[in-house]
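The values are calculated or read from the model by the stated rules, or taken from the named source; none is laboratory data. Here the structure is a predicted model, which means the values were calculated and not measured. Cβ atoms come from the backbone with ideal geometry, glycine included; neighbour counts cover every protein chain shown. All accessible areas refer to the heavy atoms of the entire protein, side chains included, with ligands and DNA or RNA removed. Shrake-Rupley method; radii C 1.70, N 1.55, O 1.52, S 1.80 Å.
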Amino acid sequence: MQRIPVFFILSFFTFHFVLFLTSCSSSSHTVANDEPAPRASAYRMLSDEAYAGLSEADHLRLDYFYQEACKQKLMGNHVAAFDLYRHCLAICPTAPEVLYDLALYQISLREDSLALQNLTTAVALDPENTHYKESLAGYYLERNRQVEALTELEDLAQLSPRRSDVLGHLTQLYIALNRPADAIRTLDRIEVLEGKMANVSYQKFALYMQLRQEKKAFGELEALCREYPHEMTYRLAIGNQLLQANRITEAQKVYDQVRKVEPDNASLKLSMLELYRKTGQDSLFAAVRDSLMYGAKTESEMRVALLRDYVTERMQEDSTGRQAVESTFARIDSLYPKDLQLLQLRAAYLATYDKSNDSAFVAVMDRVIDLEPENTQALFYLIQYYGQHKDFPRLESLCRRGVLTHPEELICHYYLGLACYQQDKKAEALQAFSEGIVQKTPESRPAMVADLYSIVGDLLHEMGRKEESYAAYDSCLVYQDDNASCLNNYAYFLSLEESHLDRAEEMSYRAIRLEPDNRTFLDTYAWILFMKGRYGEAQAYMDRVCPPDSADSVLVADPQIGGVVLEHAGDIAWMNDLTDQALRFWQLAEQAGGDGLSAVLSKKIKLKKYVKGED
């Protein structure tokens, strides 16, 4: 026998086609008591056409192997089950249950032609089996073969006349095939089973309107209202449809009927808004709109929708429109300061119409994060804003909240560490970065994990914990082997120890390949070449950092050129017999100052020659 590939291990016993069109009926459905049960068992009559010609011995063999195949399928042994089904088919090529189960496997194996052949054969051999027919209809639907699916669904609806879910799928297919009259008749059948339902009535209304049978369309809504006389929503639906059809007087009459029963109905007020808009009654429109926007009984979603429309409308006007919008926002905010949806709309307004007003936007985002601490969009915006504006105390406070509500977000740990470091809280910074590393998962962005390791390495080295620092750098390069900052710093620290200079050179060169104009990186590479005695090459790179013809004030003022870099430039120039240039750079280094200058810098200047010492 041909075997299925071993990788085909699926829980196929759960496989069943789902008719994916949305049913317009309720979620439950009834099934007739006399619906034929699926035939999939050992006990069958010898006279059945599908098994004609089989001896009693072959019947027994077929039953045995079929039951064993089903058993293997339930156990998840799909290779064995598939082989057993094929063996059953060899015993009886017309056994519908075997053809059906094989078809399910063949669909998964994408053997569509064989699957369709076996499914259709199974349906033909056992035409009253609803399971086979439902699966065949699903097969056609999934391949957008709507006409073939329709035939099967129509048969299925005849076999199972009380299954409202099937009728719902059939309705949607009629609509898709532009057969509104058939869809209406099918919806009528659903109503017989389920009773009067709003979604069915609304759909019938739309279908009758499509057929230009307006009287019948409104008759459906009237019938719904008679079924539920106390439900004003349905009565309003009639009024709204009349209004849409420009039957203003009739719509007004319906709205008056609703007002007598529910004078404070918010949906009625919305309908009246549309009526006033259509009839040009601007003052009444504004009065009703304001009562809804500011009224305490209005739901937040409705208030936001009205305010959004108001903003869109007024912002198309001149400057007075902007003033009116600002005034409206201020009034609503004073009434409902803790309405999160209103705050989010305010933020959207600022982002769209007032982009330069950063302080107002940030104030809104601060309130959003207070009301909804888990709002990551607001959190990330504020982190970015406070970071860019170097407001490190507020950035620290925000990120401490962030690591509590979103410990899995490494960006919160990263910026918390950054904020602490900028405030000279180095121990707290190291703790923040380290806790971020602990939170990493296989789904974390490698670049972010690498940055955390890189900064931890920098902090540990600054604290004199060199071995731990190098371990952190190594971890960084595991996650991102082209992390330029790590490559540069790792290389420079190795050069200061005059150890592993070949590795230091290789890492430093990779860093300047990544950022060829970074003067700090160029200085590192030049210094490593100096340490290896390759003075000419070192001078070529250092000239790109500190051009010899640059003005002294320019060199000292450059943020990428500190005292250490200038001292390096002097040392390299001396080794290339550029004595005047060397003395000039040493003097500039002393003027610039900063950490990392060698203890012998003043001696170099006094003696006007290079003196080897510790950096």
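Counted as qualifying within region 531-615 are the helices (runs of 4 or more DSSP H) with 1 or more residues that are within 54 Å of the chain's Cα centre (by Cα) and among the hydrophobic types (A, V, I, L, M, F, W, C), namely 535-545, 552-557, 563-575, 579-592.
Of the residues making up region 524-531, one or more are open to solvent by less than 30 Å² (accessible area, probe 1.4 Å), in contact (Cβ under 8 Å) with a residue 40 or more places away in the chain and touching a His at 6+ places or on another chain (Cβ under 6 Å). For the residues 481, 458, 474, the requirement of being of a type outside the set (Phe, Trp, Tyr), assigned to a helix (DSSP H, G or I), on the phi < 0 side of the Ramachandran plot and without any contact (Cβ under 8 Å) to a residue 12 or more places away in the chain singles out 474. Contact annotation: residue pairs with Cβ atoms under 9 Å, 6 or more positions apart or on different chains, pairing a residue in region 228-249 that is more than 18 Å from residue 277 (Cα to Cα) with a partner that is aromatic (Phe, Trp, Tyr) and not in a helix (DSSP H, G or I), are 234/228. Listed conditions (1) under 29 Å from the mean Cα position of the chain (by Cα); (2) not in a helix (DSSP H, G or I) are all met by residue 312, apart from (2).
Yes/no per residue for (1) under 23 Å from the mean Cα position of the chain (by Cα); (2) at pLDDT below 90:
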| site | (1), (2) |
| --- | --- |
| 305 | no, no |
| 334 | no, no |
| 339 | no, no |
| 373 | yes, yes |
| 392 | no, no |
| 414 | yes, no |
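Being at pLDDT below 90 and not hydroxyl-bearing (Ser, Thr, Tyr): is that true of residue 264 here? Spelling it out, residue 264 is indeed at pLDDT below 90 and not hydroxyl-bearing (Ser, Thr, Tyr). Residues in region 498-520 that are open to solvent by 70 Å² or more (accessible area, probe 1.4 Å) and in a loop (DSSP other than H, G, I, E, B): 498, 500, 515, 517. Residues of region 593-615 that are in contact with a helix residue (DSSP H, G or I) (Cβ under 9 Å, 6 or more places away or on another chain) and either under 19 Å from residue 521 (Cβ atoms) or open to solvent by less than 40 Å² (accessible area, probe 1.4 Å) (or both): 593, 594, 595, 596, 598, 601, 604, 605, 611, 613, 615.
Residues in region 241-279 that are assigned to a loop (DSSP other than H, G, I, E, B) and open to solvent by 50 Å² or more (accessible area, probe 1.4 Å): 6 in all.
Whether a residue is of a type in the set (D, E, K, R), modelled with pLDDT of 95 or more and over 39 Å from the mean Cα position of the chain (by Cα) was assessed, and residue 506 passes this test.
If the condition is being part of a helix (DSSP H, G or I) and among the basic types (Lys, Arg), then region 100-118 contributes no residue at all. Taking (1) over 20 Å from residue 446 (Cβ atoms); (2) modelled with pLDDT of 95 or more; (3) among the aliphatic types (A, V, I, L, M) in turn, residue 487 satisfies each apart from (1).
Looking across 228, 208, 202, one residue alone is open to solvent by 20 Å² or more (accessible area, probe 1.4 Å), in contact with a Gly (Cβ under 9 Å, 6 or more places away or on another chain) and under 30 Å from residue 160 (Cβ atoms). It is 208. On the stretch given as region 393-410, residues that are outside any loop (DSSP other than H, G, I, E, B), surrounded by 19 or more Cβ atoms within 10 Å (Cβ to Cβ) and not small (Gly, Ala, Ser) total 6. Scanning region 303-325 for residues that are more than 19 Å from residue 271 (Cα to Cα) and touching a residue at least 24 places away in the same chain (Cβ under 8 Å) returns 311, 315, 322, 325. Out of 184, 175, one residue alone is open to solvent by 50 Å² or more (accessible area, probe 1.4 Å) and either small (Gly, Ala, Ser) or under 40 Å from the mean Cα position of the chain (by Cα) (or both). It is 175.
The set of residues in region 549-573 that are open to solvent by less than 60 Å² (accessible area, probe 1.4 Å) and not hydrophobic (A, V, I, L, M, F, W, C) comprises 550, 558, 562, 563, 567, 568, 570, 571. In region 88-126, of all residues being of a type in the set (Asp, Glu) and under 20 Å from residue 152 (Cα atoms), the one that is surrounded by the most Cβ atoms within 10 Å (Cβ to Cβ) corresponds to 101. In this structure, is residue 540 within 26 Å of residue 612 (Cβ to Cβ), surrounded by fewer than 16 Cβ atoms within 10 Å (Cβ to Cβ) and free of Cβ contacts under 8 Å to residues at least 24 places away in the same chain? Yes; evaluated as a whole, the condition is true for this residue.
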